[in-house]
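Trainee: Dropping the structure in here first, questions after.
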Amino acid sequence: MNWSQLPNAITLARVLASLPLLWLLMRGDFVPAFWLAIVAGASDALDGIIAKSFGWQSVLGGILDPIADKLLLSVCFFGLWWSEHWPLWLVAVVLGRDLVILLGAWAWWRIKGRFTPEPSGLSKSTTLTQLLLVGLQLAQLAGYDFAPTWLQPLMLATAFITLASGLDYVLRYGTRAWRERGKRE
């Protein structure tokens, strides 16, 4: 292996970690699930630091990194619903937003060509609140009760900001597509 591929290898390991993480969550093994999620999160920071420090960014890494992040978050949301710790509506909001964005990107690519996503501040805030909610919930289920009273309000805030972010994507890219459509005619 060429050392410049190390960030991509770490990202692939994070993708592969989603399977045992899902299994642990579905079985209710929350202590190892918590620690696996922590290691996966740390690997996300590590691959980015390595790639930027050595100039080893790649097109593949730019594609794989957000996929790995979304996959791990989706696995956590699904697994926490499956283990009956989260309501279906929350999982539907989070996964529904991601599905709308994915379908919109696919439609853009099919109709207009190359799609270059530009995450907004709202989108980044959505990811942050989702990560915080998952982390606090897993910590509580693993027996580390340092913020259990925050979970319900954070769950509602996460749902709200996720919906707002999904609407933002639809409006921003819908408006952009509409404007570019007008330029063609």
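The values are calculated or read from the model by the stated rules, or taken from the named source; none is laboratory data. Note that the structure is a prediction, hence the values are computed from the model and not measured. Reconstructed Cβ throughout: ideal geometry from the backbone, glycine too, with neighbour counts over all protein chains shown.
Trainee: Across the range 69-104, what is the number of residues that are without any contact (Cβ under 8 Å) to a residue 24 or more places away in the chain and part of a helix (DSSP H, G or I)?
Mentor: Residues in the range 69-104 being without any contact (Cβ under 8 Å) to a residue 24 or more places away in the chain and part of a helix (DSSP H, G or I): 8 in total.
Trainee: Also: For residue 125, all conditions in the list (1) among the hydroxyl-bearing types (Ser, Thr, Tyr); (2) part of a helix (DSSP H, G or I); (3) at pLDDT below 90 hold save one; what is the number of the exception?
Mentor: (3)
Trainee: Of the residues that make up the range 112-124, is at least one touching a residue at least 40 places away in the same chain (Cβ under 8 Å) and aromatic (Phe, Trp, Tyr)?
Mentor: Within the range 112-124, none of the residues are touching a residue at least 40 places away in the same chain (Cβ under 8 Å) and aromatic (Phe, Trp, Tyr).
Trainee: Just to be sure, is residue 53 more than 18 Å from residue 12 (Cβ to Cβ), of a type outside the set (D, E, K, R), at pLDDT below 95 and outside the structural domain of residue 170 (by TED's automatic domain parsing)? Steps first, please.
Mentor: Working: more than 18 Å from residue 12 (Cβ to Cβ): yes; of a type outside the set (D, E, K, R): yes; at pLDDT below 95: yes; outside the structural domain of residue 170 (by TED's automatic domain parsing): yes.
Yes.
Trainee: Do you know which of the residues in the range 39-56 that are touching a residue at least 40 places away in the same chain (Cβ under 8 Å) and surrounded by 14 or more Cβ atoms within 10 Å (Cβ to Cβ) is nearest to residue 140 (Cα to Cα)?
Mentor: Among residues in the range 39-56 that are touching a residue at least 40 places away in the same chain (Cβ under 8 Å) and surrounded by 14 or more Cβ atoms within 10 Å (Cβ to Cβ), the one nearest to residue 140 (Cα to Cα) is 41.
Trainee: Could I ask something else about it? Does residue 146 satisfy the criteria of being among the aromatic types (Phe, Trp, Tyr) and either at pLDDT 95 or above or buried (at least 19 other Cβ atoms within 10 Å of the Cβ) (or both)?
Mentor: So residue 146 does not fit the description; no.
Trainee: Of the residues that make up the range 124-131, is at least one polar (S, T, N, Q), in the same structural domain as residue 179 (by TED's automatic domain parsing) and more than 20 Å from residue 161 (Cβ to Cβ)? Break it down into steps so the answer makes sense when it comes.
Mentor: Of the residues in the range 124-131, the ones polar (S, T, N, Q) are 125-127, 129-130.
In the following step, the residues that additionally are in the same structural domain as residue 179 (by TED's automatic domain parsing) were identified as 125-127, 129-130.
The next check asks that each one be more than 20 Å from residue 161 (Cβ to Cβ); those that pass are none.
No, that holds for no residue.
Trainee: Assigned by TED's automatic domain parsing to the domain that holds residue 169 and surrounded by 13 or more Cβ atoms within 10 Å (Cβ to Cβ): is that true of residue 92 in this structure?
Mentor: So residue 92 fits the description; yes.
Trainee: Consider residue 109 carefully, then state whether it is hydrophobic (A, V, I, L, M, F, W, C), assigned to a helix (DSSP H, G or I) and touching a helix residue (DSSP H, G or I) at 6+ places or on another chain (Cβ under 9 Å).
Mentor: Here the answer is no, as residue 109 does not meet what is asked.
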